[in-house]
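J.: Before anything else, here's the structure in question.
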Amino acid sequence: MEQLNFEEFYRNSRDACLRAVLVGTGNPHLAEDLVAEAYAQAWSAWRKVRAHPAPLAWVVRTALNTHVSWWRRRRREVALAGQDAEGHQQTQGIDPALMAAVRRLPRRQREVVALRVFLDLDTETTAKTLGIAPGTVTAHLARAVATLRSDLATAITQEGQP
Amino acid sequence: MNDVFDIMRESMEGVHMHTPVERIVAAGRARRRRKVTAIAAGAAVAGGLTLAVATSSPQVNAPPAGLHVQLAAFSVDSNADGTVTVKLTKEQTLDPATLESTLAQAGIPADIRINEFCQSPVDIPGFDKVMSSSKDEDGRHVVMTIDPAAMPAGTKIIAGIRTPGYLPDNPSKLGAVFGLAHVGDTLQCSTELPR
């Protein structure tokens, strides 16, 4: 019963969490691994997470926290055959101009946007989730939206040019 | 503000989580099991039980002194400080079984695969303390230093190595990927290059 409950939670919330983490990290390739890891943690502590006032926020917060140190300690990539260490990054199904604009935002602004836009959290809950003041959330959001609007307008103008 | 939010939401509509719930549940269950084991071990120590350690038996992950193996595709050298230096030669396809057995002699359990890339079903912290890598000065080798003593108990190194001609149309520049996994865990493997 408990597992069914978790599975339903996962199926209903996974896409929203993935989109939030994708925006929060700016990394389409890590996002799914991070979210999967966060859900696994949620299942291992399901009674606690289920009772959380905002379980989706818990998952996204966990994934974003994990992102800070997880990748380096989880695996290390090296280049062989005369190649560089960094893998080629691909973005599938996401507007590249939008992703580029998101990546240019400071981390905190990305996280605020992620929680407000994709989890529909209010200012208070966003502030609690990120451990910052509500006023800071409002300020981050306003700056992020202004930057995104400007960047996207530029991208649209450039696309329209011959 | 809403116009920007709408654009973002629309742009992400095609983004979906593909990880099956069964994999999530299995990873969560493994995590829970490990937590229980750790608590049980802690309780045994707290209860004043003596954990008997046979000091005469070989220590796990203790490299024998002076192991030096030099082959065309790789070399393995144990160092005085207990670390082990592994040098892989670019453009050379190595035999994974030979590298595994050589690493085992150096006190490093390993699962080496060619053109198959695996990851542990659970996150194992501390890999940055286990392994460091750097390019050799001549650019023909990749040199890694592994500290077997830093490997969490019951873990092994997992490595996926891409041969020079593998998936030539794939633009990824990845040559090899290394990580940690618990011995006995079922690895999540793919012949696709890791993202």
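J.: Would you check if B:LEU167 is part of a loop (DSSP other than H, G, I, E, B) and either without any contact (Cβ under 8 Å) to a residue 60 or more places away in the chain or aliphatic (A, V, I, L, M) (or both)?
T.: Yes.
J.: Of all residues in segment B:153-179, how many are of a type outside the set (Lys, Arg), under 17 Å from the mean Cα position of the chain (by Cα) and at the interface with chain A (Cβ under 8 Å from one of its Cβ atoms)?
T.: Of the residues in that region, 7 qualify.
J.: Further question on the same structure: Run down A:VAL21, A:VAL35, A:VAL49 and say which single residue is more than 8 Å from chain B (Cβ to nearest Cβ), under 26 Å from A:ALA101 (Cβ atoms) and crowded, with 19+ Cβ neighbours inside 10 Å.
T.: A:VAL21
J.: Another one. State which residue pairs qualify: first residue under 14 Å from A:ALA31 (Cα atoms) and inside segment B:1-18, second residue modelled with pLDDT of 90 or more and surrounded by fewer than 20 Cβ atoms within 10 Å (Cβ to Cβ) in any location, beta carbons under 7 Å apart, and separation of 6 or more residues or different chains.
T.: Close Cβ pairs (under 7 Å, with a partner that is modelled with pLDDT of 90 or more and surrounded by fewer than 20 Cβ atoms within 10 Å (Cβ to Cβ)) amount to B:VAL15/A:ASP15; B:HIS16/A:ASP15; B:MET17/A:ASP15.
J.: Can you find a residue in segment B:161-179 that is of a type in the set (Asp, Glu) and either surrounded by fewer than 16 Cβ atoms within 10 Å (Cβ to Cβ) or in contact with a Pro (Cβ under 6 Å, 6 or more places away or on another chain) (or both)? Working first, answer last.
T.: Step one: list which residues in segment B:161-179 are of a type in the set (Asp, Glu), which gives B:169.
Add one more test, that the residue is either surrounded by fewer than 16 Cβ atoms within 10 Å (Cβ to Cβ) or in contact with a Pro (Cβ under 6 Å, 6 or more places away or on another chain) (or both), and what stays is B:169.
There is at least one residue in segment B:161-179 that is of a type in the set (Asp, Glu) and either surrounded by fewer than 16 Cβ atoms within 10 Å (Cβ to Cβ) or in contact with a Pro (Cβ under 6 Å, 6 or more places away or on another chain) (or both).
J.: Could you tell me how many of the residues in segment A:124-152 are within 19 Å of the chain's Cα centre (by Cα) and assigned to a loop (DSSP other than H, G, I, E, B)?
T.: Count: 2.
J.: Pull up segment B:17-34, narrow it to residues that are of a type in the set (A, V, I, L, M, F, W, C) and at the interface with chain A (Cβ under 7 Å from one of its Cβ atoms), then point me to the one that is farthest from B:GLN188 (Cα to Cα).
T.: Restricting to residues being of a type in the set (A, V, I, L, M, F, W, C) and at the interface with chain A (Cβ under 7 Å from one of its Cβ atoms), the top hit is B:MET17.
The values are calculated or read from the model by the stated rules, or taken from the named source; none is laboratory data. Owing to the predicted nature of the structure, the values given are computational and were not obtained by experimental measurement. Ideal geometry is used to build each Cβ from the backbone, glycine not excepted, and the neighbour counts take in all protein chains shown.
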